[in-house]
Amino acid sequence: MRVTKTDLAGVLVIEPQVFTDARGFFFESFNARAFGQVTGERSEFVQDNHSCSGRNVLRGLHYQVKQPQAKLGRVVAGEIFDVTVDLRRASPTFGRWFGVRLSAQNKRQIWIPVGCAHGFIVLSGTAELLYKTTDYWAPEHERCILWNDPELAIDWPLQGAPRVSAKDARGTLFREADLFE
């Protein structure tokens, strides 16, 4: 696998080695030993999530203040623009965002460490995202930063107004959000 460091501290784009032939393809989507060797992370994943959304659905920017989750995500159908925002005050990249296109075709994965918010917008007709988390979902500790926060100024590749949930439409401004030390 190939690992690319991003503009955000600790956020990595991972590209697995894909074996293709006339029958199709094969790749290891996760191998704990290889993941630890290339990332320096030793993570125990406790929950797998599967999300399916239609074109122009925007989810996020989500995180948990207690039971914070690191995430390893990939797209198994369609294409998304995936966004991570650094919420760690002590981080050299605090308050910055990183975006990457993830698709079933490019098979890229994103490693999002604890202390970051996460969101995405669907660019294809539909998209299915699988992601592993290092802690369990705790709705009482979940927070949401407004996807179009003017201070963050995320350059979403929008095709008209995005479709967002009522919860995401009520997201908190970055300057008022609960953050990490």
Open item on the list: For the range 13-40, which positions are part of a strand (DSSP E or B) and in contact with a Lys or Arg (Cβ under 6 Å, 6 or more places away or on another chain)?
Closed with: 13, 15
Open item on the list: Of all residues being among the aliphatic types (A, V, I, L, M) and not in a strand (DSSP E or B) in the range 41-66, which is surrounded by the most Cβ atoms within 10 Å (Cβ to Cβ)? Just the residue, please.
Closed with: 65
- [ ] All but one of (1) among the charged types (D, E, K, R); (2) under 28 Å from residue 3 (Cβ atoms); (3) surrounded by 13 or more Cβ atoms within 10 Å (Cβ to Cβ) hold for residue 168, so report the exception by its number.
- [x] (2)
Open item on the list: Need the failing condition index for residue 91 against (1) surrounded by fewer than 15 Cβ atoms within 10 Å (Cβ to Cβ); (2) outside any strand (DSSP E or B), just the number.
Closed with: (1)
Open item on the list: Checking the condition among the small types (Gly, Ala, Ser) and modelled with pLDDT of 95 or more, which residue from 54, 40 passes?
Closed with: 54
- [ ] May I ask you to say which residue of 126, 93, 84 is at pLDDT 95 or above and in contact with a Cys (Cβ under 6 Å, 6 or more places away or on another chain)?
- [x] 84
TODO: Taking the residues in the range 129-163 that are aliphatic (A, V, I, L, M) and touching a helix residue (DSSP H, G or I) at 6+ places or on another chain (Cβ under 6 Å) as candidates, determine which candidate is surrounded by the most Cβ atoms within 10 Å (Cβ to Cβ).
DONE: 145
Open item on the list: Pairs needed: first member in the range 1-28, under 18 Å from residue 131 (Cα atoms) and at pLDDT 90 or above; second member anywhere, among the charged types (D, E, K, R) and surrounded by fewer than 11 Cβ atoms within 10 Å (Cβ to Cβ); C-beta distance under 6 Å; at least 6 residues apart or different chains.
Closed with: 15/2
TODO: Quick one: which residue in 18, 76 is touching a Phe, Trp or Tyr at 6+ places or on another chain (Cβ under 6 Å) and of a type in the set (Val, Ile, Thr)?
DONE: 18
Task: Per-region count, the range 92-102, residues touching a Leu at 6+ places or on another chain (Cβ under 8 Å) and not aromatic (Phe, Trp, Tyr) - done: 5
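The values are calculated or read from the model by the stated rules, or taken from the named source; none is laboratory data. Nothing here was measured: the structure is a model prediction, and the numbers come from that model. Counting neighbours? That spans all protein chains shown, and the Cβs are built from the backbone with ideal geometry, glycine included.
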